[in-house]
Amino acid sequence: GATVLIDAQGTAYFSTPDGAVTAVRLDSGTELWTTPKGKVYKPLAISGKLLVLQQELGESKQLGISFLQLADGSEQFAG
């Protein structure tokens, strides 16, 4: 199922069926960014200016935590 998180500025962050995450402005419907293909994420929470996600790591299907900038979707760090 899709996961949707909405920040105080009215931007929604949702998972797509292929595991990407897309940020969309709710007022205009404008797509702000989408994570690169090939990475599988599940949004968990919004923390300050960061989106906290669960990420599947490689073929092993191990789970890690990643942090993306809300503004542009760039990856901060993964653990």
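The values are calculated or read from the model by the stated rules, or taken from the named source; none is laboratory data. For clarity, every value in this text was computed on a predicted model and none was experimentally measured. Note that we place each Cβ from the backbone using ideal geometry, even for glycine, and neighbour counts take in every protein chain shown. Heavy atoms of the whole protein, side chains included, go into the accessibility calculation; ligands, DNA and RNA do not. Shrake-Rupley method; radii C 1.70, N 1.55, O 1.52, S 1.80 Å.
A few points about this structure:
- Packing-based ranking, highest mean first, of 13-19, 27-33 given that Cβ atoms within 10 Å are counted: 13-19, 27-33
- Estimated dipole of the chain in Debye, rounded to 20 [Cβ of Lys and Arg +1, of Asp and Glu -1, Cα centre]: 100 debye
- Measuring nothing but protein heavy atoms, the accessible surface of the chain at 1.4 Å probe radius is 55 percent carbon and sulfur.
- Taking θ as phi - 60° and the Karplus parameters 6.51, -1.76 and 1.60, the scalar couplings of the stretch 22-36 work out to 10, 9, 9, 6, 6, 6, 10, x, 6, 7, 8, 6, 9, 5, x Hz in sequence order, x denoting glycine and proline.
- Here the relative contact order of the chain, from alpha carbon pairs under 8 Å that lie six or more residues apart, stands at 19 percent.
- Take the Cβ atoms of SER60 and TRP33, set R0 to 35 Å, and the FRET efficiency comes out at 0.80.
- Probing with 1.4 Å while keeping every protein chain in the model, the per residue accessible area of the chain equals 60 Å².
- Long-range HN-HN contacts of LEU44 with modeled amide H, under 5 Å: VAL52, LEU53, GLN54
- Cut-off under 5 Å, modelled amide H: who pairs with LEU70 long-range: LEU50, LEU51
- Computed Rg/Rh of the stretch 11-77, alpha carbon atoms with Kirkwood Rh: 0.96
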